[in-house]
């Protein structure tokens, strides 16, 4: 009896598989232009993000170039233990987290506030001028931004120090002071990114139902009350998604800008995991050790992304997946 049931089930399963493959084939034939359009992106991620993951194993080996990745001796968690026990571990971890959280605390809410303010502007001409001024810094190179910081904050010729001296103060060596590094990094980042980051919130605000504002106005609600109770709840899902993405990359502080602003005098405040990986991996040729440090950084980011996404889904049912 069982054998006969199995015999009956087999053609049905084959038919289901054929129907599925036929549906996939039809979908591909119908939308082949869209698949062709996305193909370069898929190839990019496969070639530059997934295939290189083969090299992650050197974090668990003593990599020897003439033996290659596969034949290098396996050492397990030796490099991870070395990093955790090193003198730099606490400094690197604290600097990375503090810079990320400091950046998040300012760079995340300011574009939301800017978008809410621009949305309330009635003059289209003034609105376009403000948007142009705030968007422009996004298109400047990081090298240019850091160069501007060195020029404006120069202790002898910088305009900022000239203003401090004019008010009776003493010149400050901003770029070599560990106490000023994080603040300069974050404030310059806010200036460069706030306009561009506000675009997605402005797009979300365009979907606000104006009838809600009209009804709230009739009920006597002020502009601030309408922003708080209508505009903010409308863009709340967008805010949550972007917050998840930002918290999921807390350990990924931008290497280029930190590296350009870094010098031997502010190293105690500017040394982060990504710059340490560069020094040990590229300059000192400690490939296995630097791979272990980089892998630790990536794993922490991945874990944070999972946790934050789970919490967001449980709290307000908005998440990445």
* To do: Would you be able to say whether some residue in segment 311-320 is out of contact with any helix residue (DSSP H, G or I) (no Cβ under 7 Å at 6 or more places or on another chain), more than 30 Å from residue 205 (Cα to Cα) and assigned by TED's automatic domain parsing to the domain that holds residue 83?
  => no
* Asked: Do we have any residue at all in segment 284-298 that's closer than 23 Å to residue 102 by Cα, at pLDDT below 90 and out of contact with any helix residue (DSSP H, G or I) (no Cβ under 8 Å at 6 or more places or on another chain)?
  -> yes
* Asked: Is at least one residue of segment 245-254 on the phi > 0 side of the Ramachandran plot and at pLDDT below 90?
  -> no
* Residue match in segment 66-76 (condition: within 30 Å of residue 270 (Cβ to Cβ) and either outside the structural domain of residue 249 (by TED's automatic domain parsing) or exposed (fewer than 13 other Cβ atoms within 10 Å of the Cβ) (or both)) -> no
* To do: Considering only segment 30-58, state which residues are touching a helix residue (DSSP H, G or I) at 6+ places or on another chain (Cβ under 8 Å) and within 30 Å of residue 80 (Cβ to Cβ).
  => 54, 55, 56, 57, 58
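One line per residue, one yes/no per condition, for (1) buried (at least 18 other Cβ atoms within 10 Å of the Cβ); (2) within 13 Å of residue 92 (Cα to Cα); (3) in the same structural domain as residue 66 (by TED's automatic domain parsing):
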position: 265; (1), (2), (3): no, no, no
position: 273; (1), (2), (3): yes, yes, no
position: 285; (1), (2), (3): no, no, no
position: 290; (1), (2), (3): yes, no, no
position: 299; (1), (2), (3): no, no, no
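The values are calculated or read from the model by the stated rules, or taken from the named source; none is laboratory data. Fair warning: this is a prediction, and the values are worked out from it, not measured in the lab. Note that we place each Cβ from the backbone using ideal geometry, even for glycine, and neighbour counts take in every protein chain shown.
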